[in-house]
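The values are calculated or read from the model by the stated rules, or taken from the named source; none is laboratory data. Note that this is a predicted model, so its numbers are computed, not measured. Don't worry about glycine lacking a Cβ; one is built from the backbone with ideal geometry, like all the others, and counts go over all protein chains shown. Ligands, DNA and RNA are stripped out before the accessible areas are found, and what is left, the full protein with its side chains, is counted by its heavy atoms. Shrake-Rupley method; radii C 1.70, N 1.55, O 1.52, S 1.80 Å.
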Amino acid sequence: MGNWIQRREVTLTIIIFLFIGLVSLRAPGFALPSNMYDVLNDTAVLMLAATAQFLVLLTGGIDLSIPSIMALTGMSLAMLNMKVPLLPIPVVVALAILVGLIQGGLNGLFVGVLRIPSIITTLGTMAMYRALVFLLSGGQWVSAHEMAESFKNIPHTPFLGISGILWYTAIVVCLVGIFLTYSRWGRFVYAVGGNRTAARLVGISGSKVDGLVFLLSGAISGLAGLLYVTRYAAAQTDSALGYELQAVAACVIGGVSVSGGSGTILGVVLGAFFLGLLYNALTVVNLSPFYQMALQGFAILVAIVANTVVNQKNQKTMVAKRKLI
């Protein structure tokens, strides 16, 4: 029971309910189901970006190129839609995943094969992919009136009363959860992030795992880029700017260790949802948007401190148990 209460997901869920209750004292409409549904819709793209970041963080790396992959994929698909407006939606979605996969594959090549640190690799590709957005578009936007209606409706088309963007997000989150929990390569990801040397000694290739997580991160980011552009009905050169920080924040708040090997997809989803609630609350109570960045940074610091305290406590408990044995 004690361990169950200490789980980050349970603690975060309690914090979310307390937060909703506190904000509702100032704005009664905040807790309405319709507002919670809007928060979920607004947070769906962030959940995807955080899921992509989560996979890389689990190996002890980081992917700073996620927003640029989203922007390049979104711009590519928006410009393709201008040329071929009748392209079937499943083909558009598949192309978005493919374009993201290629960009993630390049990251994986540098990190997994050439052994260049992920922060250096993705710092470079972040700038490169963003520059390609400018080169591809000539610095111009693709506006709503230039997009086909079917293209703009991708995230809004409901199924069983739930919007398309939530279905795409739920499917990706479930697939990643199944992959990490039940597949052999999913366990390899945790093993490499937990102790890369020990993983190598038991025959797990860290290079292949690095390549795999960057491929998956790129594919998910590509889908996120398509949903970002279609949700806002505009492909801009600065699309998704700053999402790398928000994605890391969602992961850290959700209990993912930045040193790798620890975290759950449920924690990531809750972390992203908490950030969405935070942004929504600032709007509802009419606080300045400039507070968002400061509060986001504060939330990250609190989460990191909480993670550190919990880890230190767990290590002390393990040491104490070993002495007893």
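For Met293, the conditions (1) modelled with pLDDT of 75 or more; (2) under 22 Å from the mean Cα position of the chain (by Cα) all hold with the exception of (1). The selection criterion, being out of contact with any helix residue (DSSP H, G or I) (no Cβ under 7 Å at 6 or more places or on another chain), assigned to a helix (DSSP H, G or I), at pLDDT 75 or above and surrounded by 11 or more Cβ atoms within 10 Å (Cβ to Cβ), holds for Thr283.
The set of residues in region 158-189 being open to solvent by 60 Å² or more (accessible area, probe 1.4 Å) and of a type in the set (A, V, I, L, M, F, W, C) consists of Phe159, Leu160, Ile162, Trp167, Ile171, Cys174, Leu175, Ile178, Trp185. Residues in region 221-259 that are surrounded by 21 or more Cβ atoms within 10 Å (Cβ to Cβ), of a type in the set (A, V, I, L, M, F, W, C) and farther than 21 Å from Val192 by Cα: 11 in all.
Any residue at all in region 46-62 that's open to solvent by 30 Å² or more (accessible area, probe 1.4 Å), within 19 Å of the chain's Cα centre (by Cα) and at positive phi? Scanning region 46-62 turns up at least one residue that is open to solvent by 30 Å² or more (accessible area, probe 1.4 Å), within 19 Å of the chain's Cα centre (by Cα) and at positive phi.
Name the single residue that is farthest from Arg196 (Cα to Cα) among those in region 209-220 being open to solvent by 20 Å² or more (accessible area, probe 1.4 Å) and more than 12 Å from the chain's Cα centre (by Cα). In this case the residue turns out to be Leu215. Restricting attention to region 29-64, the residues that are more than 15 Å from Thr169 (Cβ to Cβ) and either charged (D, E, K, R) or outside any helix (DSSP H, G or I) (or both) total 7.
Among the residues making up region 156-174, a single one is assigned to a strand (DSSP E or B) and either in contact (Cβ under 8 Å) with a residue 12 or more places away in the chain or under 14 Å from Asp38 (Cα atoms) (or both): Ile162.
Of the listed requirements (1) surrounded by 15 or more Cβ atoms within 10 Å (Cβ to Cβ); (2) assigned to a helix (DSSP H, G or I); (3) over 20 Å from the mean Cα position of the chain (by Cα), Gly108 misses just one: (3). Kindly provide the set of residues from region 65-76 that are open to solvent by less than 10 Å² (accessible area, probe 1.4 Å) and not in a loop (DSSP other than H, G, I, E, B), ordered by number. Passing the criteria: Ile66, Pro67, Ser68, Ile69, Met70, Ala71, Thr73, Gly74, Met75.
Restricting Pro90, Pro85 to residues that are open to solvent by 50 Å² or more (accessible area, probe 1.4 Å) and not in a helix (DSSP H, G or I) narrows the list to Pro85. Taking every residue in region 30-42 that is more than 20 Å from Val229 (Cβ to Cβ) and pairing it with any residue that is of a type in the set (S, T, N, Q) and surrounded by 14 or more Cβ atoms within 10 Å (Cβ to Cβ), at least 6 positions away or on another chain, the pairs with Cβ-Cβ distances below 6 Å are Phe30/Ser24; Ala31/Ser24; Val39/Asn280.
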